1. Looking at (1) buried (at least 17 other Cβ atoms within 10 Å of the Cβ); (2) closer than 30 Å to LEU32 by Cα; (3) among the β-branched types (Val, Ile, Thr), can you tell me which one VAL77 breaks?
2. For PHE58, state whether it is open to solvent by 50 Å² or more (accessible area, probe 1.4 Å), closer than 20 Å to LEU5 by Cα and within 14 Å of the chain's Cα centre (by Cα).
3. Here's a check for you: in region 33-48, which residue that is without any contact (Cβ under 8 Å) to a residue 40 or more places away in the chain, hydrophobic (A, V, I, L, M, F, W, C) and open to solvent by 30 Å² or more (accessible area, probe 1.4 Å) is farthest from ALA105 (Cα to Cα)?
Amino acid sequence: MASPLLGIAGVNSLLFASYGISKRIISPFPQLSLKETALAGAMAGAANAVLASPVEMFKVRMQGQYGAATDQRLRDVARGMWKQWGLRQGIMRGYWITVAREIPAYAG
């Protein structure tokens, strides 16, 4: 139960921090237009995908083994993915799909 909570806490922390930074990049004034707010949300969504993608990948891998006699812990799943596929093909697999999901989700 602790690993999903830690993953979501990290993802949400990154999301809110990147949203605040994105707003400051877009305009030095605190009041943004609707388009500027949507752009800041889209930028935050793109940054959020960096953490959301591996968290989602680990979550799917952990759920796929639910109830099996050989249930692995999160660190074992992550280690196995790293050894077998590495960063790009394993841990960050699905990154661009996650980016495509996050940008419109947080822009709207």
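The values are calculated or read from the model by the stated rules, or taken from the named source; none is laboratory data. Note that the structure is a prediction, hence the values are computed from the model and not measured. With ideal geometry, Cβ positions are generated from the backbone for all residues, glycine too; neighbour counts draw on all protein chains shown. Calculation scope for accessible area: heavy atoms of the full protein, side chains included, ligands and nucleic acids excluded. Shrake-Rupley method; radii C 1.70, N 1.55, O 1.52, S 1.80 Å.
1. For VAL77, the exception is condition (2).
2. no
3. Within region 33-48, the match that is farthest from ALA105 (Cα to Cα) is LEU34.
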